[in-house]
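Report on the structure given below.
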Amino acid sequence: MDRWKGRVALVTGASVGIGAAVARALVQQGMRVVGCARNVDKIEKLAAECQSAGYSGTLIPYKCDLSNEEEILSMFSAIKTLHKGVDVCINNAGLAHNEPLLSGRTEGWRNMIDVNVLALCICTREAYKSMKERNVADGHIININSMGGHRMVQSADEHFYCATKYAVTALTEGIRQELREANTHIRATCISPGIVETEFAFRHHNSDPEKAAAVYESIKCLKAEDIASAVTFVLSAPPHVQVCTVRLRYG
């Protein structure tokens, strides 16, 4: 990870769960991390914790609604002005709504597409543009996917969410192919964990906290720190090695 010290990483959805764990791990490794979310209070608290811990990197909170393209573009403009640009883009932000395919609300479907798919594409495009402008040939784009992006969960509540994650699987491979065609050494990786014990289920089942708790009690879950470890493993691979897909499950 030494070659990443002092370089800039963007982590979306950095306020809680996987995003917060990834942001902390990269700051610990000496990176300048822009952590974005709609609510930055928790990121500001995490930044203070990282500073108190004496980590060699820094965490910069940034308020951004990823369902709004203008806010994403403004964020990248600010990163360019203040930090020159992005070297690593961690597309972590994602959400799920209980909207089955046969009875779901269009509003819920659209929100999942906006955040899980379109925001990922916009951030990737802008990150690549930033790297290209500065002749960064060794950048990295990491998409935090899900095992739901490789197999359909047998629950109507999850079907549309899984469809967005299948899109992430396809998009990551498309990004990798386009980066290769562009004759660049920028790498693209898809990290697909199974169930991770975070706030995700409680947000997904926000009207039924008992159901959310049952999700994590049903099996032994991964921890957010496990995914952060996978991110640092991918970033620390030698420049001639591209880790295309990482699938994680407990045990």
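The values are calculated or read from the model by the stated rules, or taken from the named source; none is laboratory data. These figures come from a predicted structure and were not determined experimentally. Note: ideal-geometry Cβ built from the backbone for every residue, glycine included; neighbour counts use all protein chains shown. These area figures cover heavy atoms from the full protein model, side chains too; ligands, DNA and RNA do not enter into them. Shrake-Rupley method; radii C 1.70, N 1.55, O 1.52, S 1.80 Å.
Report whether or not I18 is in a helix (DSSP H, G or I) and either under 17 Å from G85 (Cβ atoms) or not polar (S, T, N, Q) (or both).
Numbers: in a helix (DSSP H, G or I): yes; either under 17 Å from G85 (Cβ atoms) or not polar (S, T, N, Q) (or both): yes.
So I18 passes the test.
Could you list, in sequence order, all residues of the range 235-251 that are assigned to a loop (DSSP other than H, G, I, E, B), open to solvent by less than 70 Å² (accessible area, probe 1.4 Å) and either under 20 Å from G148 (Cβ atoms) or among the β-branched types (V, I, T) (or both)? If the condition is that a residue be assigned to a loop (DSSP other than H, G, I, E, B), open to solvent by less than 70 Å² (accessible area, probe 1.4 Å) and either under 20 Å from G148 (Cβ atoms) or among the β-branched types (V, I, T) (or both), then V241, V243, C244 are the ones that fit. Open to solvent by 60 Å² or more (accessible area, probe 1.4 Å) and touching an Asp or Glu at 6+ places or on another chain (Cβ under 6 Å): is that true of E44 in this structure? Answer is no for this residue. The residues listed here are G30, G13; of these, the one that is surrounded by fewer than 24 Cβ atoms within 10 Å (Cβ to Cβ) and either over 27 Å from R110 (Cα atoms) or at pLDDT 95 or above (or both) is G30. Scanning the range 47-72 for residues that are farther than 26 Å from L118 by Cβ, part of a loop (DSSP other than H, G, I, E, B) and open to solvent by less than 20 Å² (accessible area, probe 1.4 Å) turns up just one, G57. The set of residues in the range 133-151 being open to solvent by 40 Å² or more (accessible area, probe 1.4 Å), over 30 Å from K80 (Cβ atoms) and either touching a Pro at 6+ places or on another chain (Cβ under 6 Å) or touching a residue at least 12 places away in the same chain (Cβ under 8 Å) (or both) consists of H150 alone. Just wondering, is there one or more residues in the range 17-26 that are modelled with pLDDT of 95 or more and open to solvent by 70 Å² or more (accessible area, probe 1.4 Å)? For the range 17-26, residues modelled with pLDDT of 95 or more and open to solvent by 70 Å² or more (accessible area, probe 1.4 Å): present.
Being modelled with pLDDT under 95 and either open to solvent by less than 30 Å² (accessible area, probe 1.4 Å) or farther than 19 Å from D157 by Cβ (or both) is the filter here, so list the residues in the range 186-197 that pass it.
Passing the criteria: G194, V196.
If the Cβ limit is 6 Å and pairs must be 6+ apart or interchain, which residue in the range 59-81 that is over 19 Å from Y128 (Cβ atoms) pairs with which residue that is open to solvent by 50 Å² or more (accessible area, probe 1.4 Å) and of a type outside the set (D, E)? Here the result reads D65/R38, each pair linking the range 59-81 to a residue that is open to solvent by 50 Å² or more (accessible area, probe 1.4 Å) and of a type outside the set (D, E).
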